[in-house]
Amino acid sequence: MASAGRGTRKTRNTRRLVGLTFGEAPYPVAGGAYCYQLCNRVAWAWNLADLGVPVVLVYLSFLNAAEMLDQGQPFSTAQMWEDCLRHHAQGLVRETAWGGRLDVLGTLLGLLVRSVTDQQLG
């Protein structure tokens, strides 16, 4: 599995974009590709904002999601989710980026952390 995805044009281009975006973006990303999924999403959001497209990237958790019990204990509070995400992103996304409005060459980039319960979904 180590070679899965290696060598495809799409994968190489995506990795190149992540690297370029991190290199050109002194904030909110501190650097590195420790967590590829997180880095990729923030890099794409940054790239879109750099192209003049306003972006709000929402990291959403479904609280008390019983169907996820086979993956471990689900998040039971919004604070548990936010603490977990911030810890996971530590060293990659600056703390000040979460919940704020970042300016990328005059275009909005927002990084939000939210959670909902199944009751809120109606």
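Any idea which of (1) over 27 Å from LEU121 (Cα atoms); (2) modelled with pLDDT of 80 or more; (3) within 12 Å of the chain's Cα centre (by Cα) is the one VAL56 doesn't satisfy?
Every listed condition holds for VAL56 apart from (1).
Among the residues of the stretch 66-86, how many are touching a residue at least 12 places away in the same chain (Cβ under 8 Å) and either touching a Cys at 6+ places or on another chain (Cβ under 6 Å) or among the aliphatic types (A, V, I, L, M) (or both)?
The number of residues fulfilling the criteria is 2.
Scanning for something surrounded by 12 or more Cβ atoms within 10 Å (Cβ to Cβ), closer than 27 Å to GLN119 by Cα and either of a type in the set (S, T, N, Q) or in contact (Cβ under 8 Å) with a residue 12 or more places away in the chain (or both), does the stretch 87-97 turn up at least one residue?
no
Taking the condition of being touching a strand residue (DSSP E or B) at 6+ places or on another chain (Cβ under 7 Å) and at pLDDT below 90, how many residues in the stretch 69-97 meet it?
Qualifying residue count, the stretch 69-97: 3.
Here is a list of conditions, (1) within 16 Å of the chain's Cα centre (by Cα); (2) loosely packed, with under 12 Cβ neighbours inside 10 Å, and LEU69 meets all of them except one; can you say which number that is?
(1)
Which residues, taken from the stretch 76-122, are within 19 Å of GLY52 (Cα to Cα) and under 13 Å from the mean Cα position of the chain (by Cα)?
Scanning the stretch 76-122 gives ALA97, LEU109, GLY110, LEU111.
The values are calculated or read from the model by the stated rules, or taken from the named source; none is laboratory data. Keep in mind that what you see is a predicted model, and the values were worked out from it rather than measured. Glycine also receives a Cβ, built like all others from the backbone with ideal geometry; neighbour counts cover every protein chain displayed.
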